[in-house]
Every structure is written in C-alpha cells, then in structure tokens.
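Below: one structure, written as structure tokens.
The values are calculated or read from the model by the stated rules, or taken from the named source; none is laboratory data. As the structure is a prediction and not an experimental result, all values here were calculated from the model. Positions of Cβ are generated from backbone atoms using ideal geometry, with glycine treated the same way; all protein chains shown enter the neighbour counts.
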Amino acid sequence: MEMAAERERLCEIGRRMVETGLVLGTSGNISVRRGDLVAVTPGGVALDRLTPADCPVLDSSGRVVDGARAPSSEVPMHLAVYEATDAAAIVHTHSQYAVVVSTTMTELPPIHYNALLLGGVVRVAPYATYGTPELAAHVRAALAGRQAALMQNHGAIAIGHDLDQALSSARLLEWLCTVYVQAKMVGEPRILTEEELVAVIERAAQSPR
Ligand SMILES: [Zn+2]
C-alpha cells in the first residue's frame with residue numbers, strides 16, 4: 001500500500017478531530033504529502049470512521065494512484081496549497097467559531113499574541129463554491145506567510161510540516177476565533193498594536209515561550 005503510515009495517521013487525526021469537536025462527521029478533510037504524492041481523506045466518509053484503505057493517494061496532478069474511494073471534493077484546494085508552500089500536511093475544518101468569524105469579518109484581528117504562532121493577522125479568503133479552482137486560488141492567497149486562514153462562509157484551513165502541527169494550528173485558530181467572539185459579547189476587544197506584536201516576537205527570540 002502506497003503511503004501506508006501516512007494513511008494510518010490520517011485516520012488517527014480524523015478520529016481526534018471528531019472526538020475533540022473540531023469537526024462534525026464529514027465536515028472537513030485532511031491531507032499529507034510525501035514527495036510527489038498526497039494522501040487525502042475521501043469524500044462522504046465521517047472522519048472518525050476512516051480506514052487507511054479509504055484514503056486515496058494522488059499524484060501532484062490529482063490522479064488517484066492508490067485507493068478505491070474518490071478523494072475529497074476539496075482536493076483542488078489541497079493541491080494548490082502544496083504547490084504554493086512547503087507544507088507537508090493540511091487540515092480543513094468547518095469548526096464552529098471559525099465559521100462564525102468567517103461570515104462576519106474580513107480578517108481576524110490579533111487580540112491575543114498567540115496569533116503570531118499562525119503568522120499574525122489571520123486573513124479570510126473570499127467566498128467561492130467548495131471544490132472550485134476559484135476557492136483554491138483565494139485560499140492559497142490568504143495563506144501567504146501564514147499557517148492558517150479562514151474561508152468566508154465556509155470554515156478554516158491550517159497547514160504544517162506534519163499533521164500534528166497542522167492540527168494544532170487548526171485548534172489554535174478555533175481558540176482564537178472563540179476568544180474573539182466571546183470578547184465581543186462583553187465589550188469591544190482591544191487589538192494588539194504592531195509595536196506590541198513586534199515586542200512579542202523579540203521576546204520570543206530571547207526566551208522561547
Ligand atoms: Zn469545507
């Protein structure tokens with residue numbers, strides 16, 4: 001089986017995403033890259049019910065080279081992101097607070113310095129129908145210099161050098177969106193200034209958090 005270990009990891013991460021409430025059933029997809037090949041979750045199967053054989057392996061043009069099931073409809077987005085970045089893993093979710101922010105904002109303002117772990121202000125990629133090249137292009141642009149982006153009226157995407165890192169960025173983004181929405185309920189959240197963010201970067205360079 002091509003990419004057997006990576007396909008096993010997709011199943012583990014998929015289960016963890018459902019168990020922790022980051023996704024509901026089929027509402028998300030994950031992929032991992034090794035060399036020219038990409039293993040991705042299939043369309044229409046709940047992420048906590050996957051087996052390695054369910055997860056097709058694609059070449060860089062999107063052609064299935066192993067696996068019986070059809071890949072997720074979001075494959076164009078995954079391939080576009082791999083083409084544009086050195087990421088080796090992608091986690092896409094419809095997590096609740098990410099969707100809330102994506103429907104109301106054009107970016108997620110930095111109100112907590114942990115936003116720097118995602119590269120700073122998180123952009124919202126403009127809406128386009130799921131699975132289209134237009135959406136793939138919007139998401140690719142929104143991810144420039146970032147570990148994560150929101151997708152307008154849709155969800156969130158996070159990347160990493162492995163699945164654990166992509167998942168932890170997806171969870172951090174959901175946390176940042178939750179904090180922002182809850183802060184808005186009790187007042188107007190103060191946004192960190194450019195100087196304050198630079199000071200955090202300098203501080204982190206001296207003594208890692
Ligand atoms: Zn989606």
Please identify the pairs in which a residue from the stretch 49-75 that is within 22 Å of residue 16 (Cα to Cα) has its Cβ atom under 6 Å from the Cβ atom of a residue that is assigned to a loop (DSSP other than H, G, I, E, B) and β-branched (Val, Ile, Thr), counting only partners at least 6 apart or on another chain. 54/45; 55/41; 72/41
List pairs: first in the stretch 152-169 and over 15 Å from residue 31 (Cα atoms), second outside any loop (DSSP other than H, G, I, E, B) and away from the ligand (no atom under 15 Å from the Cβ), Cβ under 8 Å, 6+ apart or cross-chain? none
What strands (runs of 3 or more DSSP E), lying completely within the stretch 122-175, carry at least 1 residues that are under 20 Å from residue 34 (Cα atoms) and more than 16 Å from the ligand (Cβ to nearest atom)? 155-160
Among (1) within 16 Å of the ligand (Cβ to nearest atom); (2) part of a helix (DSSP H, G or I); (3) surrounded by fewer than 22 Cβ atoms within 10 Å (Cβ to Cβ) - the single one residue 14 does not satisfy: (3)
With respect to residue 80, determine if the residue is assigned to a loop (DSSP other than H, G, I, E, B) and modelled with pLDDT of 95 or more. no
Limited to the stretch 128-142, what total is found for residues that are farther than 28 Å from residue 15 by Cα and surrounded by fewer than 17 Cβ atoms within 10 Å (Cβ to Cβ)? 3
When you scan the stretch 50-63, do you find a residue that is among the β-branched types (Val, Ile, Thr), touching a strand residue (DSSP E or B) at 6+ places or on another chain (Cβ under 8 Å), surrounded by fewer than 18 Cβ atoms within 10 Å (Cβ to Cβ) and part of a strand (DSSP E or B), even just one? no
Mind checking whether some residue in the stretch 23-41 is in contact (Cβ under 8 Å) with a residue 60 or more places away in the chain, closer than 24 Å to residue 177 by Cα and surrounded by fewer than 23 Cβ atoms within 10 Å (Cβ to Cβ)? yes
For the stretch 176-197, what are the residues that are hydroxyl-bearing (Ser, Thr, Tyr) and either within 16 Å of the ligand (Cβ to nearest atom) or in a loop (DSSP other than H, G, I, E, B) (or both)? 193
Failed condition for residue 101, given (1) among the β-branched types (Val, Ile, Thr); (2) within 16 Å of the ligand (Cβ to nearest atom); (3) touching an Asp or Glu at 6+ places or on another chain (Cβ under 7 Å), with all others met? (3)
Keeping to the stretch 23-43, report how many residues are over 9 Å from residue 72 (Cβ atoms), more than 13 Å from the ligand (Cβ to nearest atom) and either within 16 Å of the chain's Cα centre (by Cα) or not in a loop (DSSP other than H, G, I, E, B) (or both). 6
Taking first residues from the stretch 172-184 that are within 16 Å of residue 17 (Cβ to Cβ) and of a type in the set (Val, Ile, Thr) and second residues anywhere that are assigned to a helix (DSSP H, G or I) and at pLDDT below 95, the pairs with Cβ under 7 Å that are 6 or more apart or on different chains are none
Looking at residue 95, is it touching a helix residue (DSSP H, G or I) at 6+ places or on another chain (Cβ under 9 Å), among the hydroxyl-bearing types (Ser, Thr, Tyr), within 21 Å of residue 172 (Cα to Cα) and buried (at least 23 other Cβ atoms within 10 Å of the Cβ)? yes
For the stretch 44-92, how many residues are within 16 Å of the ligand (Cβ to nearest atom) and more than 14 Å from the chain's Cα centre (by Cα)? 9
